[in-house]
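Have a look at the structure below, then the notes.
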């Protein structure tokens, strides 16, 4: 499947695995890359540069295909320059950036032979990322899981807006989970897709608790909620008693101090690692309405490509 993104990243299919805080490690990243996409490690969920280096080396042992390291720079409040330095030293082929201002990472990567991709949720952010020197832009609509834009703009509207506004390749994200979504994104002018929630519900996402995966399979698009609007950082999660408490506090005008224990990484891990629903939450997008199984990554790619071929043949016959 030859697009500008597959050519840029030297991958077989223009399918990128999302950063997936606390879940995107070597097992999943290598599986996605081996299947023909671009797998990623989540850097800022690791506690030290040494851990990141170890995870990168594990990926290299499991695949000889390109992979990326994702830096969630606005959600952890931690310095990241030492983590970026590890990615440079290990000659990681792709670096992606989500949240916050990516300018410091661009400065650190100046002169380094690495592809730079920024996740945005608005046309203005996309234009700025291109000006900074991004090689491609990932654009997430309001259907997506995890952190979103503030304007509730759908993927269907946002992708063509950004495609018209920039000259570098655009990667669509949010609400995409099968071959139909892939072809729809290409029809909108994107050159590839990023998926997060769909990759959680795979066998190689070994750090995700089975109950978390089953919720993704069993629940519908109506079973997600957007939290953290009060903080100006809206994010979509599975609806449960914990998110009900968060939304109740937000309705009362709660600030960060009142919410921090509810939205912390520890609360997130309680749910996604241990399956303790009454003590935490799990990110997920509306695409859960399209997810009905927990395949291997290779099986997922096979079904996606088959369905994309069916769509392409149907369009040819119109």
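From the alpha carbon gyration tensor of the range 228-272, can you work out the equivalent ellipsoid semi-axes (sqrt of 5 times each eigenvalue) and give them in Å, largest to smallest?
16, 11, 10
Any idea what diffusion coefficient the range 210-287 gets from Stokes-Einstein, in µm²/s, Kirkwood Rh on alpha carbon pairs, 20 °C, 1.002 mPa s?
172 µm²/s
Using 0.36 nm per residue, how much length does the chain from residue 167 to residue 226 gain when fully extended, once their Cα-Cα distance is taken away?
18.1 nm
Which value in nm describes the separation of the simple spin-label points at residue 303 and residue 4, placed 7 Å from the Cα toward the beta carbon?
With each label placed 7 Å out from Cα toward Cβ, I get 3.2 nm.
Taking the range 154-247 on its own, what percent of its Cα-Cα pair distances exceed 20 Å? Let's see the in-between values first.
Numbers: 2216 of 4371 pairs.
Across the range 154-247, Cα pairs with separations above 20 Å total 51 percent.
Per DSSP H run of at least 4 residues, take -39500 (n - 2.57); add these up for the chain, divide by its residues and hand me the 222 nm value, nearest 500 deg cm²/dmol.
Rounded to the nearest 500, it is -12000 deg cm²/dmol.
Taking only the alpha carbons of the range 77-184, what extent do you get along each of the three principal axes, in Å, biggest first?
38, 29, 27
If N is the number of residues in the range 187-231, what value comes out of its Cα radius of gyration divided by 2.2 N^0.38 Å? Working shown, then result.
Details: Rg = 14.0 Å, N = 45, 2.2 N^0.38 = 9.3 Å.
Dividing the Cα radius of gyration by 2.2 N^0.38 Å gives 1.50.
Would you list 315, 20 from fewest to most Cβ contacts within 10 Å?
Details: 315 10, 20 28.
Going from sparsest to densest Cβ surroundings: 315, 20.
Distances longer than 26 Å among the Cα atoms of the chain: what percent of all pairs is that?
Tail fraction, whole percent: 42.
Average projected area of the Cα convex hull of the range 183-318, in nm²?
The Cα convex hull of the range 183-318, projected and averaged over all directions, gives 9.7 nm².
Readers should treat all values here as calculations from the given coordinates under stated rules, not as data from a laboratory. All values derive from a computational prediction rather than experimental measurement. Neighbour counts run over all protein chains shown; Cβ positions are idealised from the backbone, glycine included.
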